[in-house]
Amino acid sequence: MESLWFSFFAGGSTVIGAIIIMFFGVPGEKTMATLLGFAGGVMIALSVFELMPEALHLGSVTATVMGFLLGSGMMFALDSIMPHAHMSINESVFVENVKEMPKAHPDILRTGYLIFFGIGLHNVPEGLAIGAGLEASPELGLYIALAIGMHNIPEGLAVAGPLRAGGLSMLRVIVFTLSAGLMTVLGTAIGLVVFNISPDFVGGSLAFAAGAMIYIVNDELIPQANGLHDHLANIGLISGLLLGFVMLNL
């Protein structure tokens, strides 16, 4: 049950993105670059300094390598089937001035629905990552949930912006954004069923989580952050990496 609560709060953080748009509009490029880089740094730290060593401790080298490849491979497959929409400068046309109630734009609304489905699908393996971390220790599960929660805030912006600009009411935008985030809970629930098979399987699952998170960072967070402001992206990345290292070694 604890893992479901962790994943609920991590997935529910997508709503923060919708609330930001509702009250303040879209954050500036410098702020977004720093936040995306920071989330990426924390996720790298968790993967490299904790998940992979713990996977090797619980399982074998073979299980760890296979788990990592499966995690990154699943994210690659999801990107191939349903490309993950990125929050970038090129999408600013969809989210400009969305604090005011816009006129309906069917093409933009269609884009918003595609982003909603894409992010919802991508959030399932993130829930698996939280469940795998909790199998190792409550602290690790909490750290992964916090990192994924930070990562989900920009995703909430990516979902809410086009839906709002497409003409949906703010209430419906929040419902859609929350629904996409709570697919994380589904992933964690699946993990509760399959993670208790054997220690070797738990080790492979931790490596799976590491592979999925490294793929997310390299495929989404770093390119997006650098595209917005490369220097602040690096500052955020280094800060997140160091904070993650310190948290895991206190």
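The values are calculated or read from the model by the stated rules, or taken from the named source; none is laboratory data. Just so it is clear, the structure is predicted and the values come from calculations on it, not from any experiment. Quick reminder, even Gly has a Cβ in these numbers, built from the backbone with ideal geometry, and neighbours come from all protein chains shown.
This table checks each residue for (1) modelled with pLDDT under 85; (2) surrounded by 24 or more Cβ atoms within 10 Å (Cβ to Cβ).
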position: Gly133; (1), (2): yes, yes
position: Glu139; (1), (2): yes, no
position: Tyr143; (1), (2): yes, no
position: Glu155; (1), (2): yes, yes
position: Val175; (1), (2): no, no
position: Met183; (1), (2): no, no
position: Val194; (1), (2): yes, no
position: Phe201; (1), (2): yes, no
position: Leu206; (1), (2): yes, yes
Of all residues in the stretch 208-245 being under 14 Å from Leu70 (Cβ atoms) and of a type outside the set (Phe, Trp, Tyr), which is surrounded by the fewest Cβ atoms within 10 Å (Cβ to Cβ)?
-> Ile214
Near pairs, Cβ below 6 angstrom, 6+ apart or cross-chain, from the stretch 162-181 (part of a helix (DSSP H, G or I)) to any residue that is among the aromatic types (Phe, Trp, Tyr) | Pro162/Phe94; Leu163/Phe176; Ala165/Phe94; Phe176/Phe116; Ala180/Phe116
Ala189 vs. criteria within 24 Å of Ala77 (Cα to Cα), in contact (Cβ under 8 Å) with a residue 60 or more places away in the chain and either charged (D, E, K, R) or surrounded by 17 or more Cβ atoms within 10 Å (Cβ to Cβ) (or both) | no
